[in-house]
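**Student:** Handing you this structure, nothing more for now.
The values are calculated or read from the model by the stated rules, or taken from the named source; none is laboratory data. Values in this document were obtained by computation on a predicted structure and should not be read as measured data. With ideal geometry, Cβ positions are generated from the backbone for all residues, glycine too; neighbour counts draw on all protein chains shown.
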Amino acid sequence: MLDSILQTEKILERLNIKALNDMQVATSIADKKDGDVILLSPTGSGKTLAFLLPVLRRIDPNSTAIQALIIAPSRELALQIESVLKNMGTGYKVNCCYGGHPMRIEKKSLMHPPTILIGTPGRIGDHIQRENVDVSQVKTLVLDEFDKTLEFGFHKEMIFIMESLISVNRKMLTSATAAIEVPDFVVLEKPQTLNFISESGKPKGLSIKQVISPERDKLGTLYKMICQLGDASMLIFCNHRDSVERVSDFLRTKDIVQNYFHGGLEQLDRERILTKFRNESLKILVTTDLAARGLDIPEIKYVIHYHTPTREDPFIHRNGRTARMDAKGRAFMIMHPEEPMPSYIRTPPGVFELKENVPPPEKPTWRTLYIGKGKKDKVNKIDVVGFLSKKGKLEKGDIGLIEVRDFFCYVAVNRKKIHETIRLVGNQKIKGKKARIEIAK
């Protein structure tokens, strides 16, 4: 049970956080009162830590049952919550369940019940129905991004899950969107609402501009924008998967280093693309609204609405990817002159003028190296740095972000040196074992 200031301080130290922000403090105080909690706070404000600390406070260390259930609308968000929880170093067993990989692997791990279970509605519902988990003793339920978790497409699964939770005495719901109705089947008790969203829904440091595309096909305008904005991180949002791929294919013909991201990709492909985005091997991501929230990616400098969403909520969530935590950011709406301004835009934004004949941006400094050994092979970050420094002749500044997974690693390596590095380490062993080493696709 997390009940001391000292324990909280240790967790913050592990997470490299100096102190809780106002929202996190308010959430902690609200949790100590009677009644369920609804937390409304912008993307990137620290909601995950805000609800995890109360979850841990309610854990009975002597129980062997599942005590807390955290439901998220997407695989990426579920995995991000799991990552933060593990980095907190509590020692409690945590399982994360989601579609896109074999259920049998999750079933085997669930044979020894976790203290905290995290997952998406469909997969959690499947495990309960198949009796792979016993949720009868779950006391705490968290619905993260509840505006998505409780949307109509998940109602059947969520009603089943709610009916299976017979011992829950505290519910916490979070969202980055205000004015969302909670369905009656959730049954909130004396709900307390903490609203940290500004009346406009717009981050303080956000500047929104309109970009006029003389043609309805906006590809040429987008390319000019990318050239003018230069070497900076940006998300380009489209409303449909086929549009995402079409835009990405066009930019590829222009030799722009980028990739596309949507829910139709295999889970491993999605994780690899996000890794490359985190380590700055990739600075431009063309995406659907899947990337608008819940992803473990760094601060974005620019958000580009290639397509403007029809509803305000996606617009707010997309823009929430930049100008986080009082930082400054810019969002751009590419629009044809005859395209109507969305009704949710109260004040038409100023126009961003495009220049002619601006050269394309420089390619990223980094590329991502794949090493086919990971945690299960007893390989850690220190091993990777030593291996690449000694065998690959790389200097400290030539090695960037390292992510070690169970069976492989991703490493950011200086773009100019990566081919020579592969040549040098190709026949070498890491931790005494041969490994496949190549540029991540």
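**Student:** Cβ contacts < 9 Å: first residue assigned by TED's automatic domain parsing to the domain that holds THR48 and among the charged types (D, E, K, R), restricted to segment 83-95; second residue part of a strand (DSSP E or B) and modelled with pLDDT of 90 or more, any location; separation 6+ or different chain. Result?
**Tutor:** Once the first residue is assigned by TED's automatic domain parsing to the domain that holds THR48 and among the charged types (D, E, K, R) and sits in segment 83-95, its partners that are part of a strand (DSSP E or B) and modelled with pLDDT of 90 or more give LYS86/VAL94; LYS93/ILE116.
**Student:** Right, next: Just to verify a result, which residue in segment 274-286, among those that are part of a helix (DSSP H, G or I) and buried (at least 20 other Cβ atoms within 10 Å of the Cβ), is farthest from the chain's Cα centre (by Cα)? Break it down into steps so the answer makes sense when it comes.
**Tutor:** Taking segment 274-286 as the starting set, the residues that turn out to be part of a helix (DSSP H, G or I) are 274-278.
Cutting the leftovers down to buried (at least 20 other Cβ atoms within 10 Å of the Cβ) gives us 274-277.
Working: LEU274: 9, THR275: 11, LYS276: 13, PHE277: 11 Å.
Result: LYS276.
**Student:** So, one more: Hey, LEU290 hits all of (1) aliphatic (A, V, I, L, M); (2) touching a strand residue (DSSP E or B) at 6+ places or on another chain (Cβ under 9 Å); (3) part of a loop (DSSP other than H, G, I, E, B); (4) surrounded by fewer than 23 Cβ atoms within 10 Å (Cβ to Cβ) but one; which does it fall short on?
**Tutor:** (3)
**Student:** So, in segment 253-268, exactly how many residues are buried (at least 19 other Cβ atoms within 10 Å of the Cβ) and either under 16 Å from the mean Cα position of the chain (by Cα) or among the aromatic types (Phe, Trp, Tyr) (or both)?
**Tutor:** Residues flagged as buried (at least 19 other Cβ atoms within 10 Å of the Cβ) and either under 16 Å from the mean Cα position of the chain (by Cα) or among the aromatic types (Phe, Trp, Tyr) (or both) within segment 253-268 amount to 3.
**Student:** Follow-up question, since we're still on this one. Inside segment 146-257, counting only helices (runs of 4 or more DSSP H) that do not spill past its ends, which hold 3 or more residues that are free of Cβ contacts under 8 Å to residues at least 40 places away in the same chain and in contact with a helix residue (DSSP H, G or I) (Cβ under 6 Å, 6 or more places away or on another chain)?
**Tutor:** Numbers: elements: 146-149, 155-164, 219-229, 241-253.
Output list reads 155-164.
**Student:** Let me ask something additional. Could you give me the residue pairs with C-beta distances under 6 Å whose first residue belongs to segment 370-383 and is in the same structural domain as PHE408 (by TED's automatic domain parsing) and touching a residue at least 60 places away in the same chain (Cβ under 8 Å), whose second residue is of a type outside the set (S, T, N, Q) and part of a loop (DSSP other than H, G, I, E, B) wherever it lies, and which are 6+ apart or on separate chains?
**Tutor:** TYR370/ALA440; ILE371/ALA435; GLY372/PHE408; GLY372/ALA435; GLY372/ARG436; LYS373/VAL379; LYS373/ALA435
**Student:** Which condition does SER83 not pass, out of (1) hydroxyl-bearing (Ser, Thr, Tyr); (2) under 30 Å from ASP313 (Cβ atoms); (3) buried (at least 19 other Cβ atoms within 10 Å of the Cβ), if it passes all the others?
**Tutor:** Unmet for SER83, out of (1) hydroxyl-bearing (Ser, Thr, Tyr); (2) under 30 Å from ASP313 (Cβ atoms); (3) buried (at least 19 other Cβ atoms within 10 Å of the Cβ): (3).
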